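Below is one structure, written out as structure tokens; the observations come after it.
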Amino acid sequence: MKIIIIGANGQLGYDLVRVFENTEDEIAPLTHADIDVTDLRSASETLRNIEPDAVINCAAYVRVDDAEDFPERAFAVNALGARNIARICRDLNSILAHISTDYIFDGRKKEPYTEEDTPNPLNVYGNSKLAGEYFVRNTLEEHYIIRSSSLFGASGASGKGGNFVETMIKKARNGEEIKVVDDMIMSPTHTRDLAGMIKKILIKKLPFGIYHAANQGQCSWYEFAKTIFETLEMEANLSPTKTSRLQSKARRPIYSPLVSIKLEKHGLEMKNWKEALTDYLVEKGYLK
Ligand SMILES: NC(=O)c1ccc[n+]([C@@H]2O[C@H](COP(=O)([O-])OP(=O)(O)OC[C@H]3O[C@@H](n4cnc5c(N)ncnc54)[C@H](OP(=O)(O)O)[C@@H]3O)[C@@H](O)[C@H]2O)c1
């Protein structure tokens, strides 16, 4: 297969390039400098020249709080950009794997969200990503929408300037007081595992549709931070706080772990987040 990866130097894109490298599949990694998903005409020309069998769209506006002030930017990339790529894929007879998020849910559920749960986003970012999902679904039959959650990966989120694990380690090394919320629950997910699952979904030609792909298990951000320090046996001035104390612009779902009932049916599963965290710490050279 010839596979285009859009957003190739982002956090997930970086690991996608690595999982497809040195395989029989041919990849064309495209960065923001190579393609602007908001520009239908030039994006169409770029993709047409490559003639892909599949496109993986990781391009996104991921700054959740900024999106509240600049909704037009979030919708341009996450909704209309997704529509553009779906239209181009339809014209080129290409499959599209589009990446989405747990933030399309409102967090009122008490157990992990499945592919069958009804979205109800609380913030602009989540609304723009859900609009992107609808555009993809309604434009192109041959699509995968792959939702994931709370990503951490070797390259760090380019749209956010790092990732949670690195931020925690840096703060601890600087001896800073670290307060992390213990009432917001999610499934931390290593982008290397997510990239591996996206590859399996494509290569195994799973039925088209929505898939949840996140490391198994759930924890609060506080528990995640505590586990980072415990695993590294690192001293840290860490204490729990509450979401209500944070003065963030965007409302976030208080509970957003994802589980897949569809991957399981195909004998696929992702490892637990604690194991994934250890892999990451080894990958980055923090652990032997
Ligand atoms: N980060 C998370 O915790 C999280 C959780 C759940 C789901 N997701 C989803 O996972 C996907 C990947 O996220 P990530 O963490 O890898 O984010 P990321 O590191 O910020 O990567 C996003 C990529 O999109 C590129 N991009 C932005 N605007 C673009 C445009 N108009 N045209 C083309 N490329 C553009 C960025 O390039 P520049 O930086 O050069 O602009 C960057 O390479 C996104 O769909 C996101 O919504 C993320």
Per GNM of the chain with C-alpha springs under 10 angstrom, the most fluctuating residue out of THR278, THR118, THR31 is THR118
Which entries of LYS129/LYS284; LYS179/LYS226; LYS204/LYS262; LYS226/LYS274 show an alpha-carbon separation above 19 angstrom in the structure shown? LYS129/LYS284
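For the range 155-288, rounded, prolate or oblate, judged on the Cα gyration tensor with a ≥ b ≥ c (square roots of eigenvalues), a/c < 1.5 rounded, else prolate if a/b > b/c? Don't skip to the end; give the middle numbers.
On the way: a/c = 2.22, a/b = 1.55, b/c = 1.43.
Here the range 155-288 falls in the prolate category.
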Per the helix-only model, the chain has a calculated mean residue ellipticity at 222 nm (DSSP H runs of ≥4, -39500 (n - 2.57) each, divided over all residues, rounded to the nearest 500) of -11500 deg cm²/dmol
To the nearest 10 degrees, how steeply does helix 164-173 sit against the main Cα axis of the chain, on a 0 to 90 scale? 30
Can you give me the Cα centroid spacing of the range 169-221 and the range 237-284 in angstrom? 5
Give the long-range amide H neighbours of ILE185: residues separated by 5 or more places, or on another chain, with amide H under 5 Å away, using H modelled in the peptide plane at 1.01 Å from N. TYR255, SER256
Please list, ordered by chain and number, the residues whose modelled amide H lies under 5 Å from the amide H of VAL180; skip anything fewer than 5 residues away on the same chain. SER239, THR241
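Quote the Stokes-Einstein diffusion coefficient, in whole µm² s⁻¹, for the range 115-160, based on the Kirkwood radius over alpha carbon pairs, a temperature of 10 °C and a viscosity of 1.306 mPa s.
On the way: Rh = 12.7 Å.
The Stokes-Einstein estimate is 125 µm²/s.
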In sequence order, calculated HN-Hα J values of the range 225-237 (Karplus, 6.51, -1.76, 1.60; Hz; x Gly/Pro): 4, 4, 5, 4, 5, 5, 5, 8, 6, 10, 6, 8, 8
Rounded to the nearest 10, the angle in degrees between the Cα long axis of helix 40-50 and the longest principal axis of the Cα atoms of the chain comes to 80
Rounded, prolate or oblate: which one fits the range 220-279, using the alpha carbon gyration tensor with axes a ≥ b ≥ c (rounded when a/c is under 1.5, else prolate when a/b beats b/c, else oblate)? oblate
What percent of all Cα-Cα pairs in the range 42-96 falls in each 5 Å bin, counting up from 0? 4, 20, 27, 19, 12, 10, 6, 1
Under 5 Å from the placed amide H of HIS98, counting only residues 5+ away or on other chains, we find ASN57, TYR144, ILE145, ILE146
Just to check, using Stokes-Einstein with a Kirkwood Rh over alpha carbon pairs, what's the diffusion coefficient of the chain at 25 °C and 0.890 mPa s in µm²/s? 128
Sorting ILE203, ILE185 on solvent-accessible surface, 1.4 Å probe, most exposed first, gives ILE203, ILE185
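Over all distinct alpha-carbon pairs, what is the Kirkwood Rh of the range 183-227 in angstrom?
On the way: mean 1/r = 0.0828 Å⁻¹.
One over the average 1/r among Cα pairs gives 12.1 Å for the range 183-227.
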Cα extents of the range 20-148 along the three principal axes, largest first (Å): 45, 31, 28
Rounded to the nearest 10, the angle in degrees between the Cα long axis of helix 124-139 and the longest principal axis of the Cα atoms of the chain comes to 30
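What accessible area per residue, rounded to a whole number of Å², is obtained for the chain using a probe radius of 1.4 Å? Provide the component values of the computation, followed by the final result.
Numbers: 13490 Å² over 288 residues.
Ligands and nucleic acids excluded, the figure is 47 Å² per residue.
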Using every Cα-Cα pair within the range 191-259, state what percent have a distance larger than 17 Å. 64
Reachable aspartates and glutamates from LYS242, Cα under 14 Å, same-chain residues fewer than 8 places away excluded? ASP182, ASP183, GLU223
Within the set LEU16, LEU206, LEU80, GNM on the chain using Cα springs under 10 Å gives the largest fluctuation to LEU206
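The values are calculated or read from the model by the stated rules, or taken from the named source; none is laboratory data. Note that the structure is predicted; figures quoted are calculated from it, not measured. We work out accessible area using only protein heavy atoms, side chains counted, and drop any ligands, DNA or RNA first. Shrake-Rupley method; radii C 1.70, N 1.55, O 1.52, S 1.80 Å.
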